[in-house]
Amino acid sequence: MSREKSKRKDVWKLVSLLVILMYALILVYPLIRLLRESVIVEGQFSLQGFKDFFSKPYYVRSIGNSLKVSLAATAISLALGVPLAYFYQMYEIKGKSLLQVLVILCSMSAPFIGAYSWIVLLGRSGVFTKLLESIGIQVGSIYGFSGIVLVLSLQLFPLVFLYLCGALKNVDNSLLEASVNMGCSGAKMFFTVVIPLCMPTIIAASLLVFMRAFADFGTPLLIGEGYKTFPVIIYDAYFAETGGDHTFGAAVSVIGIFITAAIFLFQSWISNRHHFTMNAMHSIERKKAKGFKNVLLHIYCWAIVGLSFMPQVYVIYSSFQKTSGKLFVPGYSLESYRFAFTHLKKAIPNTFLIGIAALALVVVLAILIAYLVVRRANVANKVIDTLSMVPYIIPGSVIGIALVLSFSKRPLLLSGTAAIMVIALIIRRIPYTIRSSVAVLQQIPITIEEAAISLGASKMKTFFTITVPMMGNGIISGAILSWVTIITELSTAVILYNANTITLTLAVYTYVSRGSYGIAAAYATILTVTTILSLLLYMKLTGNKEVSL
Amino acid sequence: MSVNITIRDAVKKYGSNTIITDLSLDIKEGEFFTLLGPSGCGKTTLLRMIAGFNSIEGGDFYFNDVRINDMDPVKRNIGMVFQNYAIFPNLTVEKNVAFGLKNRKLSKDVIVEKTDKFLKLMKIEEYRDRMPERLSGGQQQRVALARALAITPDVLLMDEPLSNLDAKLRVEMRTVIKEIQNTVGITTVYVTHDQEEAMAVSDRIAVMNLGDIQQIGTPKALYQRPANLFVATFIGRTNIIKSTLHAEGQKTFITLPGNHRIELSTIMADQRKDQEVILSIRPEELYLKPEGEDGVKAIIDDAVFLGLNTHYFVHFESGEKAEIIQESQIDSILEKGSVISLGVKTQKINVFDKDGKRNLVMGVHNDLVGGAR
C-alpha cells in the first residue's frame, strides 16, 4: 500500500503546489512588498513613516474615531438585527419573503450610496429635514460621527440578521419548550436562553460587522465632514503621494493590518470560550402572535427594514428626476440614463467582464482549495487554508495599495489593467467562497468517493464526475452571492481602477464625488436591478426562499 | 405533590385534519403510565397537549380538580424529558439541572441543595462541570431527567426518551427511569413506540392507534388478553389464523388448519355460537407434540437458534404460515422440510370476531373510560 502510494503521482500534490505558488505571487509577495515599503526610505531602513503617523494627533485620533464608529455601528446592528431575526424566525410576519429580500438588498448596496441618500433625505437641506422643520421638528446634524454610525448600522444590521437566522434555525424547538417548561418564557427566555444559545454566531457576526465598519471608507468620506476615520487616512495617504515613494501610505497600511489582526485575535479568543455545537432535530416553528403583540411585531420589523431600504428607493426615484447640470429640477426624465449609457460606456461591460472572470476563478479555486483542505489534510494544505483566510482580516484598501506597489513595474506590470482588478476581487472574495465550499464538502461522505474509486474511476474522474456535481447546488448558491458582492466591491477597486477598467460601482462613486447625483443615481439603479435579478436567480436555482451567507 | 390526570373528550385538529377524536383517559396519582402506539397514532400529540405545547381543540384536561386547558405551560408545573434531551449546549451539567430552580426564584442555598440532590440521585455528580457535548447519550439522558425532576413537578412527561440510545443503553436506562420513578413516586406519562420498553417500565399502558385508545391495562393484561386484533399484533408477536367457532351444547370448538378441531372453554357465554373468527396464537402457545401423536400438521421452513429459544418458521397444509418458539433443546434442531405435529395451549390463545374488533375470550380487562366494557 505504502509502496503504491509513493509510486503513484498524486495530481492533488500538483494542485497544492500551484495554489501555494499562486498565493505566494498574489498575496504573500504584495504583503511583503508593502511591509518593505513601509520601513525602507531611499534604500535605507527607517521607521519614518510610523513616526510621522504616531507623532500627529490628527492621525492617531483617526484610529480612535474608527474604533468608536465601528463599536457603535456593531452595537446598533446587533440591537436591530438580533430581535429582528428572532421575531422573523419565531413568528409569522406578513410578507416575510419580501422582508427578507429587502434586508438582503440593504446589505448588498454600497454603503456610500446609503450615505449619499441620507444626506439628501436628512442633510442640511434634505427632503425630510425641510418637511420636519415645517412642522416644527428640528433634526440634529447627521454629519460626522452620528451620520456615519447611522449609515453603517442600517447597512450592516442585515448581516447580523442573516447570521442569526441561520443560528436560530439550528436551535432545536425542544430547547425552547424545555425552557418554558421550567418556568422561563417570553422576554426572559429571549435573554437567558436564546441569546446565550446564539452567542457563537453573535460573536462571529459582530466581528464581521466590526471589520466591515472599520474598513469602510466611502461612508466617512461622504458624510464624515472632518470626522476622519482610519480608512480615509489610508486613502488620503495613498493618493497624496502617487508617483512618489509610498512609505507613509505603506506604513499606515501596515498599522491597519496590525489593528485588524489584533481585533481578529481578540474575537477568536472570545469565541473559543463560547464554543459549543448545536443541531436541530426539530427547528423552531413560526407561530402567529396575537393582537397587540402581533401589531407591534409587524411595526418593528417593517419599520426597520423600510427605514434601511428607503435610501435605495430614493436613489431609484431620483434617477428618474429631471436634472439641470448637477441640480435636480422639477419633472421627470430619462436624461440621467441617457447620459449613463453614453458616457463611461465601458462601466457596464467592465462590471460583467471583470466580475464574471473573477467569479469563475474564485469558484474554481475555492472548490480546489476546499477539496485540498477537507480531503487532503497535510502541512502544505494547512498552509493554504491559513493563507486563504488572511485577506479576511485585511482592509480592502490595504490590499489595493499592496497590489499597486507590487505590480506597477516590469516584469510584473499589471496596474491599470483589468487583470489586477480581477486579482484583487479573487483575494477579497475567496475566503468567503472557500468557507461555504468547505461546509458543502463536509456534508458529502468520503465513502461516496471511495466507492467511485473502488469501481475503477481515477481520482480526477471521481472529483469531476462525483464530487463536483454533488457540491453543485452549494457552489451555485455560493457563487451567486459572491457575484453580488463582487459587483458592489469598492474599497479595493477604487485604488486600482482607471478610465478603462471602471465598473458600475466605481461609476456611482465617481459621480457622487463629483456631485452629479442624477447620473450617480442612474448607475446605482442599474446596479440595484442587477443585484435584484441575481438574487431572484439565486432563489430560482436553489428553490430556496431563505438566503444564507 | 403528585396529581392524577383526567382527560375527557379530548380533540386535536391541525387545520381541518383531526388527529385525535374524543379521547378520554384517567391516570392515577403516582402511576407510571405509558402511551404506546405506532408512529402517527397521536401519542406525542396527546403528551404535548398535557404539557401545553399543543393547543387543545376540544375536551377537558384536569390535574386533580384543576382544569389546565388554558393554563400557561409555564404554570403547569410539569417536568419534561424530550426525545433529544433538549440539554442547553451552552450550559454545564450543573447549570442545566439548576436552570428550572433559578426560574422559581428560590434562595441560593435551596438551589444548590436541590441541584446536588438530583445530580447525586442520577449519578452524574462527577460530571457537574462538564459541557453537554462531552457527555455520552446515556449521561445526557440522566442530565435531562435530573433537570426535569429538580423542579419537583406534579407530573413527569417523557417523550420517547430512549429512542436515541443504542440497544444496550436503552435497556440500562429504562431500569434507571423505572427506579427513579419508584423512588420519587411522581405521576409519569411516558410515550414510546417500543412495546418491549413499555412493558418493562409501565404500571399501565394505553395502546393507541389512529388517534384512538384501543386498550388500557397492565402489561400482563394487554399481552395475555388483548382487547382486539390490533393490540394482539402490536404487543408481542402472534400468529393470526382464520378459523370458525362451533357450539355443540355447552361446548365450543375451533377449527385449526387441516380440519383439526379442539375444544375451547374460555369463550364468553354470549359468544358461544357458530361464527367466523380470527385466532391469535402467540409463538410460545404452540408446542411440538411427540412423534406419532395427533395434532396440527406443519412443515418446517426454517429454524433460527437464538440461545434460550429456538424459533421455527413453519407452514400448514393449508399454506398459512406460522412461527413457533420452543425452549432450545440439547439435541439437534429439527431439519428444514421435516413434518411436525403441533399442539395448542388452549387456555392462553385469544379468539376475535371476524372483524378483529372484539376479543371473545373471557377475562379481558380494559380500563378505557366510557368504553364498551
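Applying the condition of being away from chain A (no Cβ under 14 Å) and buried (at least 19 other Cβ atoms within 10 Å of the Cβ) to the stretch B:85-120 and asking which residue is farthest from the chain's Cα centre (by Cα) yields B:E94. Whether any residue in the stretch B:164-182 is among the β-branched types (V, I, T), open to solvent by 40 Å² or more (accessible area, probe 1.4 Å) and within 12 Å of chain A (Cβ to nearest Cβ) is what I want to check. Scanning the stretch B:164-182 turns up no residue that is among the β-branched types (V, I, T), open to solvent by 40 Å² or more (accessible area, probe 1.4 Å) and within 12 Å of chain A (Cβ to nearest Cβ). Taking the condition closer than 23 Å to A:F87 by Cβ and within 12 Å of chain B (Cβ to nearest Cβ), does A:L175 pass? So A:L175 passes the test. Only one of the numbered conditions (1) open to solvent by less than 60 Å² (accessible area, probe 1.4 Å); (2) farther than 18 Å from B:P161 by Cα; (3) within 14 Å of chain A (Cβ to nearest Cβ) is not met by B:R48, and that is (2). A:S308 satisfies every condition listed in (1) over 16 Å from A:G518 (Cβ atoms); (2) surrounded by fewer than 18 Cβ atoms within 10 Å (Cβ to Cβ); (3) of a type in the set (S, T, Y) except (2).
For every residue, the table says whether it meets (1) farther than 25 Å from B:L229 by Cβ; (2) in contact with a strand residue (DSSP E or B) (Cβ under 9 Å, 6 or more places away or on another chain); (3) acidic (D, E); (4) exposed (fewer than 15 other Cβ atoms within 10 Å of the Cβ).
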{"position": "B:R272", "(1), (2), (3), (4)": "no, yes, no, no"}
{"position": "B:V277", "(1), (2), (3), (4)": "no, yes, no, no"}
{"position": "B:E285", "(1), (2), (3), (4)": "no, yes, yes, no"}
{"position": "B:Y312", "(1), (2), (3), (4)": "no, yes, no, no"}
{"position": "B:H315", "(1), (2), (3), (4)": "no, yes, no, yes"}
{"position": "B:I330", "(1), (2), (3), (4)": "yes, no, no, yes"}
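Can we say A:N500 is part of a loop (DSSP other than H, G, I, E, B), open to solvent by 70 Å² or more (accessible area, probe 1.4 Å) and out of contact with any Pro (no Cβ under 8 Å at 6 or more places or on another chain)? Criteria met by A:N500. B:E133 passes every criterion in (1) loosely packed, with under 15 Cβ neighbours inside 10 Å; (2) more than 10 Å from chain A (Cβ to nearest Cβ) apart from (2). Figure legend. Inter-residue proximity from the stretch B:53-65: first residues away from every other protein chain (no Cβ under 14 Å), second residues of a type in the set (S, T, N, Q), beta-carbon distance below 6 Å, spacing 6+ or different chains. Indicated pairs: B:I56/B:N69; B:F61/B:N69; B:Y62/B:T6.
Among the conditions (1) open to solvent by less than 30 Å² (accessible area, probe 1.4 Å); (2) at pLDDT 85 or above, A:A452 misses just one, which is (2). The helices (runs of 4 or more DSSP H) located wholly in the stretch A:62-165 that include 1 or more residues which are under 23 Å from the mean Cα position of the chain (by Cα) and touching a residue at least 40 places away in the same chain (Cβ under 8 Å) occupy A:96-108, A:111-122.
Regarding the stretch B:22-34, can at least one residue be identified that is within 16 Å of A:N181 (Cα to Cα), touching a residue at least 40 places away in the same chain (Cβ under 8 Å) and out of contact with any helix residue (DSSP H, G or I) (no Cβ under 8 Å at 6 or more places or on another chain)? No, that holds for no residue.
Residue-by-condition table, conditions (1) open to solvent by less than 30 Å² (accessible area, probe 1.4 Å); (2) without any contact (Cβ under 8 Å) to a residue 60 or more places away in the chain:
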position: A:C184; (1), (2): yes, yes
position: A:P200; (1), (2): no, no
position: A:M211; (1), (2): yes, no
position: A:F217; (1), (2): yes, no
position: A:P231; (1), (2): yes, no
position: A:A251; (1), (2): yes, no
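The values are calculated or read from the model by the stated rules, or taken from the named source; none is laboratory data. It should be emphasised that the depicted structure is a prediction, and the values quoted were computed from it without experimental measurement. Every residue, glycine among them, receives a Cβ derived from its backbone with ideal geometry; neighbour counts consider all protein chains shown. Protein only, heavy atoms only, side chains kept; ligands, DNA and RNA dropped before computing areas. Shrake-Rupley method; radii C 1.70, N 1.55, O 1.52, S 1.80 Å.
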